[in-house]
There are 2 protein chains.
Amino acid sequence: MAPRILLVVLDGIGDRPWKGATALQAARKPFLDRLVREGVSGLVDPVAPGVKVGSATGHLALLGYDPYQYYTGRGPFEAAGVGIGLRPGDIAFRCNFATLRGGLVVDRRAGRIRETRELEEAVNRGVRVSGGVELVFRAGTGHRGALMLRGAGLDPRVSPTDPKREGVPVSSSEPLDPAAASTARALNEFTEQAMAILSEHPVNRRRESEGKNPAGAILSRGAGVVPVIPPFADRYHMRGAAVAATALVAGIGRLCGLEFLSTPGLTGGVDSPLEKKMETVRRALGEYDFVMVNIKGADEASHDGKWEEKVGFIERLDGALDSLPLSPDLVVAVTGDHSSPVAWKDHSGDPVPLVLWGEGVRRDGVQRFDEVSCARGGLGRLRGLDVMPLLLDLAGRSEKYGE
Amino acid sequence: MAPRILLVVLDGIGDRPWKGATALQAARKPFLDRLVREGVSGLVDPVAPGVKVGSATGHLALLGYDPYQYYTGRGPFEAAGVGIGLRPGDIAFRCNFATLRGGLVVDRRAGRIRETRELEEAVNRGVRVSGGVELVFRAGTGHRGALMLRGAGLDPRVSPTDPKREGVPVSSSEPLDPAAASTARALNEFTEQAMAILSEHPVNRRRESEGKNPAGAILSRGAGVVPVIPPFADRYHMRGAAVAATALVAGIGRLCGLEFLSTPGLTGGVDSPLEKKMETVRRALGEYDFVMVNIKGADEASHDGKWEEKVGFIERLDGALDSLPLSPDLVVAVTGDHSSPVAWKDHSGDPVPLVLWGEGVRRDGVQRFDEVSCARGGLGRLRGLDVMPLLLDLAGRSEKYGE
């Protein structure tokens, strides 16, 4: 049987030097360095050189799905991630619970509320929008959620209801194209009815009595139509699974046809229990031909501007990866979905390091898994869309083109 | 006058390490290493990273013809290679003589028959298919051949008559699209009439009396329509020639508008008289602006899984290449059409090494022509379609784009 394939995506791993070294260069990471010594390395532009990508576009490319073709906005991926059953053509948004005061948004995260399940139920039960539009709202982790609208003639070209700053009212959604008028109307109806339902809700009354910010509104943004994505199994003739802490990566996996395997207790932060996540990965490798695991903490540390925390997290994830069952019937890639320089607290368009490990790789003499060492590797500089073909071919799963 | 260009294609040269080294790494090859020291090197993905290509698609790309546009199946290239005069729109197949017993295919190679010229003549004289379809069958080397069908309304979407295994009858060709019904009918008529002619033929009677497998049927596969390919001379303003042992490469050359120069005695195997082939190359360099030579043996050794044989063949071809007239009015590229790991006995999607040698190259300090050394070369990682533009430009034959 052909080797199984493991794709490890270290979220936001790439960086720029900070006081002379990137976090990857500074971290002690014997396992990743072993993979590089025994493997072949290179750099990957997730989309193209200098293109600063988000997690969704980066992951799509790494899975072999051209984001220019399949990325239709963040909403559909978040909605799939929180478990809304989507169909191509549905319109989806990512949402936040927010706190209102005097008609103004005063906290876009509603005091980082967690008890949203009852609110979700009340909204789904109570909201009825016109024009025969079906609607599902689902709460995600913390103050996050997603909304799906389904019906004839819907169009994602609408402005968000999320004003994206505080001290202003909830925005009214406007059609950005005449064809999207009924979608904007449905979104506004949802938003207004949800406000009415939430303002009365016991969960919010309790929060107010406890001095916490109530979840008085649901703000929507990231509108997108659910794309038609060729299923992973059809495309690659493999059964695939995704392991991740975030709804976004879960949603990308689901929309591409990967089974999402949840791991209780993951946080997506630098404190996430990586050993538990690696248990899920090891179990998945027993059942699936292909497993993608996203490890999020380095990106969190980068967004927080915390270089030492990023170094520490890399050292911890290296220890967790050391439990991987390296063997001749496994092929491994470790890379990132994008760079996130700590100095920027944001993504950048720098390439990310890549190592391929498996039977038959052309070892290139590179010793360390970091942005500078891997630039001298035998793979050269590749693009995100190249990663799946390389993995398939290394695993003997590629199909011949021509005779 | 601008330098002439020599493109040396080492068939299936790329490999993966086998007991720690690829055949190229292990072989003593002073000439190729000299080219690298004096030249500039890199890696080439014949089509794209990880894409496992065949010889036809690999050669088309190296000649600057995008295989996704011009590769229509193997039949047309084999048919051009055995010398059938083709026109765009003709349908062509590659064929094998096979032995039948009790109505079943018992030997798909008809005892590796060689005396096929008389059989070819008898078939072309005797077969008449309906629907106004013209037909040419031509025998190639050994048990191989090719078939061309010409007529209005023909379509290549037909299933092969070659069952591709033994112990079963010759397959009936079926249209894979309603538009191909008359093509399938013509192919079946050819196949049945050829069987009748061959069963009576004196060559086969003699083989049977000698205890050899007779050529009782002609099996067809690899259907393709002859593509419209812009002639090499129009595209590059050069007169070009191809030197090769195999009908496939001859056919690719011919369909692209290269003159095919045959060399008596070539086998395409590891025992092929390479000195004779290089004589043809040297002569061609006196007459043509561009010469492509394919050297096949390393691919044969790879398909046979013979690492030592591959090493030995590389050492021998290096000696033969040493007779090349290196001079300032010659530009040379040496590369492969695809990788063929000995361990796989098949092609892989790994890149192949490339060296460019000629006046003005930017020497990069690389010392050896192999998969790992050339990965550090000054050319980086390129694609097959990049090779012709690089050669043209190195030779001062490129046209300026814009002013």
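The values are calculated or read from the model by the stated rules, or taken from the named source; none is laboratory data. Since the structure is predicted, the reported quantities are computational estimates derived from the model, not experimental observations. Cβ: placed from backbone, ideal geometry, glycine included. Neighbour counts: every protein chain shown.
When each of A:Ser327, A:Ser339 is tested for being touching a Gly at 6+ places or on another chain (Cβ under 7 Å), more than 8 Å from every other protein chain (Cβ to nearest Cβ) and of a type in the set (S, T, N, Q), the lone residue that passes is A:Ser339.
Here's a check for you: in the stretch A:358-376, which residue that is surrounded by fewer than 23 Cβ atoms within 10 Å (Cβ to Cβ) and not in a loop (DSSP other than H, G, I, E, B) is farthest from the other protein chains (Cβ to nearest Cβ)? Result: A:Ala375.
Residues that are modelled with pLDDT of 95 or more, among the polar types (S, T, N, Q), assigned to a helix (DSSP H, G or I) and surrounded by fewer than 23 Cβ atoms within 10 Å (Cβ to Cβ) do occur in the stretch A:57-70. In this structure, B:Ala245 does not satisfy being modelled with pLDDT of 95 or more, on the phi < 0 side of the Ramachandran plot and among the hydrophobic types (A, V, I, L, M, F, W, C).
Counting only residues that are outside any loop (DSSP other than H, G, I, E, B) and over 29 Å from B:Gly269 (Cβ atoms), the stretch B:125-155 holds 6 of them. If the condition is being closer than 11 Å to B:Asp45 by Cα and not in a strand (DSSP E or B), then the stretch B:337-352 contributes B:Asp337, B:His338, B:Gly349, B:Asp350, B:Pro351.
Looking only at the stretch B:103-120, residues that are surrounded by fewer than 13 Cβ atoms within 10 Å (Cβ to Cβ) and touching a strand residue (DSSP E or B) at 6+ places or on another chain (Cβ under 9 Å) come to 1 in all. Restricting the first member to the stretch B:171-196 and to residues that are of a type in the set (D, E, K, R), and the second to residues that are buried (at least 16 other Cβ atoms within 10 Å of the Cβ) and assigned to a loop (DSSP other than H, G, I, E, B), the beta-carbon pairs closer than 7 Å and six or more apart or on different chains are B:Glu174/B:Ser159; B:Asp177/B:Asp155; B:Asp177/B:Arg157; B:Glu189/B:Val129.
As a summary of the residue check, A:Arg87 satisfies the conditions (1) buried (at least 16 other Cβ atoms within 10 Å of the Cβ); (2) in the same structural domain as A:Lys212 (by TED's automatic domain parsing); (3) at negative phi except for the one numbered (1). Condition check for B:Ala223 on (1) within 14 Å of another protein chain (Cβ to nearest Cβ); (2) touching a strand residue (DSSP E or B) at 6+ places or on another chain (Cβ under 8 Å); (3) in a helix (DSSP H, G or I): one failure, at (3). Selection within the stretch B:266-309: residues that are among the β-branched types (Val, Ile, Thr) and in contact with a strand residue (DSSP E or B) (Cβ under 9 Å, 6 or more places away or on another chain). The member of this set that is surrounded by the fewest Cβ atoms within 10 Å (Cβ to Cβ) is B:Thr280.
Of the residues making up the stretch B:128-146, those that are within 19 Å of the chain's Cα centre (by Cα) and of a type outside the set (A, V, I, L, M, F, W, C) are B:Arg138, B:Gly140, B:Thr141, B:Gly142, B:His143, B:Arg144, B:Gly145. Can you find even one residue in the stretch B:39-48 that is more than 18 Å from B:Val332 (Cα to Cα) and surrounded by fewer than 23 Cβ atoms within 10 Å (Cβ to Cβ)? So far as the stretch B:39-48 goes, yes, one or more of its residues are more than 18 Å from B:Val332 (Cα to Cα) and surrounded by fewer than 23 Cβ atoms within 10 Å (Cβ to Cβ). The number of residues in the stretch A:330-376 being more than 17 Å from A:Val8 (Cβ to Cβ) and of a type in the set (D, E, K, R) comes to 8.
Of the set (1) in contact (Cβ under 8 Å) with a residue 60 or more places away in the chain; (2) outside any strand (DSSP E or B), all apply to B:Val334 but (2). Give me the residue from the stretch B:23-51 that is in a loop (DSSP other than H, G, I, E, B) and either in contact with a strand residue (DSSP E or B) (Cβ under 8 Å, 6 or more places away or on another chain) or of a type in the set (D, E, K, R) (or both) and, out of that set, nearest to the other protein chains (Cβ to nearest Cβ). For the stretch B:23-51, the residue satisfying everything is B:Pro49. Please verify whether A:Arg239 is farther than 24 Å from A:Thr280 by Cβ, of a type in the set (Lys, Arg) and surrounded by fewer than 20 Cβ atoms within 10 Å (Cβ to Cβ), treating the condition exactly as stated. No; evaluated as a whole, the condition is false for this residue. The set of residues in the stretch A:377-390 that are at the interface with another protein chain (Cβ under 7 Å from one of its Cβ atoms) and more than 15 Å from A:Pro46 (Cα to Cα) contains only A:Gly378.
Would it be correct to say that A:Gly396 is in contact (Cβ under 8 Å) with a residue 12 or more places away in the chain, at the interface with chain B (Cβ under 9 Å from one of its Cβ atoms) and within 19 Å of A:Met1 (Cβ to Cβ)? Break it down stepwise before answering.
On the way: in contact (Cβ under 8 Å) with a residue 12 or more places away in the chain: yes; at the interface with chain B (Cβ under 9 Å from one of its Cβ atoms): yes; within 19 Å of A:Met1 (Cβ to Cβ): yes.
The answer is yes for A:Gly396.
Per-residue answers, yes or no, for (1) at pLDDT below 95; (2) within 30 Å of A:Pro389 (Cβ to Cβ); (3) of a type in the set (S, T, N, Q); (4) under 26 Å from the mean Cα position of the chain (by Cα):
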| residue | (1), (2), (3), (4) |
| --- | --- |
| B:Gly312 | no, no, no, yes |
| B:Gly336 | no, yes, no, yes |
| B:Leu356 | no, yes, no, yes |
| B:Arg362 | no, yes, no, no |
| B:Val366 | no, yes, no, no |
| B:Phe369 | no, yes, no, yes |
| B:Leu385 | no, yes, no, yes |
| B:Gly396 | no, no, no, no |
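Residues that are part of a strand (DSSP E or B), small (Gly, Ala, Ser) and closer than 19 Å to A:Arg108 by Cβ occur at least once in the stretch A:204-219. The listed residues are B:Lys52, B:Lys19, and the only one of them that is under 22 Å from A:Leu391 (Cα atoms), assigned by TED's automatic domain parsing to the domain that holds B:Gly360 and more than 18 Å from the chain's Cα centre (by Cα) turns out to be B:Lys19.
Go through the stretch A:256-276 and give me each residue that's outside any loop (DSSP other than H, G, I, E, B) and under 16 Å from the mean Cα position of the chain (by Cα).
A:Glu259, A:Phe260, A:Leu261
Contact annotation: residue pairs with Cβ atoms under 9 Å, 6 or more positions apart or on different chains, pairing a residue in the stretch B:110-133 that is in the same structural domain as B:Ile197 (by TED's automatic domain parsing) and at positive phi with a partner that is part of a helix (DSSP H, G or I) and among the basic types (Lys, Arg), are B:Ala110/B:Arg207; B:Gly111/B:Arg207; B:Gly131/B:Arg185.
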